[in-house]
Amino acid sequence: MTTEASAANDDSQPNFDFMDESEPDAKDLQISTLEDVQALIAKKHNGRSVGSDDPIWLLHTMFGVLVEDLLNLLEDTNSQQGKEREKLKALLPEVAKTLSESLQSELSGLSSTLGQLRQDAEASSVENLLKQQAQFSSELGTLTSKVRGLKWPFVLLTALNWFAVGAFYLIMIK
């Protein structure tokens, strides 16, 4: 083997020395085609290119890009969540105070409504009892007057009955 063949052979072999890689910018990590991956590999590895039949180097580079994208997204998400948490922490006392005031007003309204209902029920109960008592008294008075009206015919019939018994007795003695 000649040195030219050896040098050509070295250029076609993938370089697995990833320790001296320089980290690319996040904007350079956007890939969408195989050519973009190959260009990124050439940029990351000092101009060395890779063929379409070298899956290890392609996958390593694509996973590196994926990891960088995910890390960037995670950092952005964490910072946005931190901002949202701070906003919520700032709003929480105000919301709690408003909710507490609203709840207190609703509870006082409910308490007054329940008190009114209780008073109405008590008044209604007493009124109903008084009405029933008045109706009972009225009906009792009507019944008493009817009984008094019916008493004289019974007294008369009872008296006639005793006279008949007395007359029978006198007839039986003679």
* For segment 138-155, what does the Karplus curve 6.51 cos²θ - 1.76 cosθ + 1.60, with θ = phi - 60°, yield as ³J(HN,Hα) per residue in whole Hz, taken in order and with x for Gly and Pro? -> 4, 5, 5, x, 5, 5, 4, 5, 5, 5, 5, x, 8, 5, 5, x, 5, 4
* For segment 95-144, what is the accessible area per residue in Å², given a 1.4 Å probe and the full set of protein chains? -> 84 Å²
* Asked: How far, in nm, would the chain grow between GLN119 and LEU170 when pulled straight, counting 0.36 nm per residue and subtracting the alpha carbon separation?
  -> 11.0 nm
* Asked: In terms of Cα to Cα distance under 16 Å, which lysines are near enough to LYS89, apart from those fewer than 8 places away along the same chain?
  -> LYS97
* To do: Quick one: what are the phi-derived ³J(HN,Hα) couplings along segment 87-99, Karplus 6.51/-1.76/1.60 with θ = phi - 60°, whole Hz, x for glycine and proline?
  => 4, 5, 5, 6, 7, 4, x, 5, 5, 5, 5, 4, 4
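Could you please report the charge total around GLU127, scoring K, R as +1 and D, E as -1 over all other residues with beta-carbon less than 15 angstrom from its beta-carbon?
The answer is 0.
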* Qualifying lysines (Cα of each under 26 Å from Cα of LYS151; at least 8 residues distant if same chain) -> none
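Could you tell me what percent of the accessible area of segment 47-174 is made up of carbon and sulfur, with a 1.4 Å probe and every protein chain present?
Of all accessible area on segment 47-174, carbon and sulfur atoms account for 67 percent.
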* So which lysines pass the test for LYS146, namely a Cα distance under 24 Å, with those fewer than 8 places away in the same chain ruled out? -> LYS131
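The values are calculated or read from the model by the stated rules, or taken from the named source; none is laboratory data. Since the structure is predicted, the reported quantities are computational estimates derived from the model, not experimental observations. Please note: Cβ atoms are built from the backbone with ideal geometry, for glycine as well, and neighbour counts cover all protein chains shown. Protein only, heavy atoms only, side chains kept; ligands, DNA and RNA dropped before computing areas. Shrake-Rupley method; radii C 1.70, N 1.55, O 1.52, S 1.80 Å.
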